[in-house]
């Protein structure tokens, strides 16, 4: 039954345990070496993000959904891409833990060092993809949302496979906005609504490595996210 359920439905009914079981079921069709890689990626991601939560759920739920979506719905079984999906927020959120040092508020986050650690453990390509979807440290004197769009335009333009990771991440955040609560709902809509046209343009590029039917599926998801943002941001 888990294999037939939408990922957010699995989350609502069975929580982290259900997503982990769904992950195991999806991974069962991969070669043994690839399954081992993904088990390592999940274990590390779970440890790195253990203290984080996303509103009502453990942070690892988001990472599981992003990864499962790519394998199940995007039909991508490349272990380096899947590992990048599982670890896509690690360098941005937990760079100090990745390099084995306590956080230091007087120093910039060691993102480059964290990417080097990631490359050593999961390969240069996985690290490159994670680097492309990692938000840099923004200029505090400029609008953060504008800098976010600029970063995506530059980074995703150069990395077609990173677009796949970002599209799944965006789907989880954008379409999944209805599962958020409180001020986060409007804030998410404000941040992500301007990104939809950019992601749609990347999705439709010939070098974005997804099948036409998958692109159609993702386009419909972008439509759904856009409609939800419009409702949330409509004048009251």
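Odds and ends about this structure:
- Filter result (loosely packed, with under 13 Cβ neighbours inside 10 Å and under 30 Å from residue 183 (Cβ atoms)) within the stretch 10-46: 13, 17
- Pairing each residue of the stretch 107-124 that is touching a residue at least 40 places away in the same chain (Cβ under 8 Å) with any residue that is assigned to a helix (DSSP H, G or I) and surrounded by fewer than 16 Cβ atoms within 10 Å (Cβ to Cβ), provided the two are 6+ apart or on different chains, yields C-beta distances under 8 Å for 121/40; 122/40.
- Looking at 84, 119, just one residue is surrounded by fewer than 23 Cβ atoms within 10 Å (Cβ to Cβ) and within 30 Å of residue 28 (Cβ to Cβ), and that residue is 119.
- Top-ranked residue in the stretch 195-229 [being part of a helix (DSSP H, G or I) and without any contact (Cβ under 8 Å) to a residue 12 or more places away in the chain; ranked as farthest from residue 70 (Cα to Cα)]: 227
- Those helices (runs of 4 or more DSSP H) of the stretch 25-125 in which at least 1 residues are out of contact with any strand residue (DSSP E or B) (no Cβ under 7 Å at 6 or more places or on another chain), modelled with pLDDT of 95 or more and closer than 20 Å to residue 170 by Cβ, considering only elements entirely within it, cover 32-48, 59-72, 79-86, 90-93.
The values are calculated or read from the model by the stated rules, or taken from the named source; none is laboratory data. The shown structure was predicted, so the numbers you read here are calculated from the model rather than taken from an experiment. FYI the Cβ positions are ideal-geometry reconstructions off the backbone, even for glycines, and counts take in every protein chain you see.
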